[in-house]
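The values are calculated or read from the model by the stated rules, or taken from the named source; none is laboratory data. Just so we're clear, the structure is a prediction, and the values are computed from it rather than from any experiment. Because the Cβ atoms are built from the backbone with ideal geometry, glycine has one as well, and the counts that use them run over all protein chains shown. Heads up: the accessible areas ignore ligands, DNA and RNA and are worked out on the full protein's heavy atoms, side chains in. Shrake-Rupley method; radii C 1.70, N 1.55, O 1.52, S 1.80 Å.
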Amino acid sequence: MSGIVEGKVALVTGSASGIGRAAAQIFAREGARVVVSDVNDAGGAETVEMIKGNGDDATYVHCDTSNAGQVEAMVKMAVETYGSLDCAFNNAGIGDPTASLVDCTEEDFDRFYQINMKGVWLCMKYQIKHMLTQGGGAIVNTASIAGLIAAPNLGAYGAAKHGVVGLTKTGAIECATKNIRVNAVCPGVVRTPMVQTLFDERPDMEQRMIKYQPVHRLGVPEEIGEAAVWLCSDAASFVTGHAMPVDGGIMAV
Ligand code: NAD
């Protein structure tokens, strides 16, 4: 049986770990050739090995998504390696440190903006530029439920993620007649190394988070990856400009 992204080329940023790694593996399982990208070269190489270990095709490119030159080179490398760029999952991001608006430093605010928001815009800029010449494509950005509602002590993070939702909607409308769809996934709390860092800093938080979830458990990276791959697939051909919560019901409360 052929997969939902059979024969397509998929690029996943932040795929050395967590949600990005799971999504890269699902893209490969569903028939795509995958460009794995991250700043963590060892983790990226590991993701490629995992995909190749299943008999699928993947390659790694180092890219700091907050750096325009590196993003442009990443997109160029994907196209040169596999001949096209059909699906892009702009997922790279940071989650630490948490702080109230009063305690957040200017340096931390700028870092969240640079990586979590400007990085997504840069990826979209060069991906859309290529997809316009190619005649189509699908982009999914990782926002967060913190991009839809307020989360105390996540002001800088949440502002950047609200920005990702705004960029997603703008991209969808700008590209609506160009056969390019742009959507976002908005994960709830998902058990990844990023979240584990927060739990390690605040051991009380894990149980509080689990209790707060309507489903009384945290998400797993694969549950976000499945949504991202579906949104990139032709099965979602009428879905664009959508910020989809994948959150175990938090947004419904
Ligand atoms: P993670 O830390 O496991 O993975 C993030 C990856 O992004 C890492 O491999 C890291 O090296 C990479 N990265 C960081 N800065 C980068 C940069 N400048 N350029 C390229 N790569 C960079 O975390 P995760 O939980 O898998 O997070 C993935 C995305 O999901 C992030 O955008 C995060 O904000 C978002 N998210 C996560 C959760 C959650 O609960 N885990 C919830 C909502 C949103």
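Structure notes:
- In degrees, nearest ten, helix 41-53 long axis to first principal axis of the chain (Cα): 60
- For the stretch 119-205, convex hull of alpha carbons as volume per residue, Å³: 98
- Long-range HN-HN contacts of residue 243 with modeled amide H, under 5 Å: 184
- Rounded to 5, percent antiparallel among DSSP beta bridges of the chain: 0
- Shown here: the stretch 1-138, whose C-alpha atoms stretch 54, 33, 23 Å along the first, second and third principal axes, sorted largest to smallest.
- Among 141-154, 201-214, 124-137, 31-44, the order from most to least packed when residues are scored by Cβ within 10 Å on average: 31-44, 141-154, 124-137, 201-214
- For residue 28, net neighbour charge (Lys/Arg +1, Asp/Glu -1) across residues whose Cβ lies under 15 Å away: -4
- Share of carbon and sulfur in the accessible area of the chain stands at 56%, probe radius 1.4 Å.
- Near residue 19, once Lys and Arg are set to +1 and Asp and Glu to -1 for all other residues with Cβ below 14 Å from its Cβ, the sum equals -2.
- Over 22 Å between alpha carbons, listed pairs 8/178; 8/169; 8/118; 52/161; 52/178: 8/169; 8/118; 52/161; 52/178
- Rg to Rh quotient for the chain, alpha carbon positions, Kirkwood Rh: 0.95
- Highest average packing first - 73-79, 84-90, Cβ atoms within 10 Å: 84-90, 73-79
- Where no second cysteine Cβ lies under 4.7 Å, the cysteines concerned in the chain: 63, 104, 123, 175, 186
- Under the convention that each Lys and Arg Cβ holds +1 and each Asp and Glu Cβ holds -1, the size of the dipole of the chain around its Cα centre is about 680 debye.
- Estimated distance in nm for a label pair at residue 238 and residue 125, the labels positioned 7 Å out from Cα along Cα-to-Cβ: 3.5
- Using the 1.4 Å probe convention, the accessible area of the stretch 1-92 works out to 38 Å² per residue with neighbouring protein chains retained.
- Stokes-Einstein diffusion for the stretch 148-253, with the hydrodynamic radius set to the Kirkwood value over Cα pairs and evaluated at 10 °C in a medium of 1.306 mPa s, equals 105 µm²/s.
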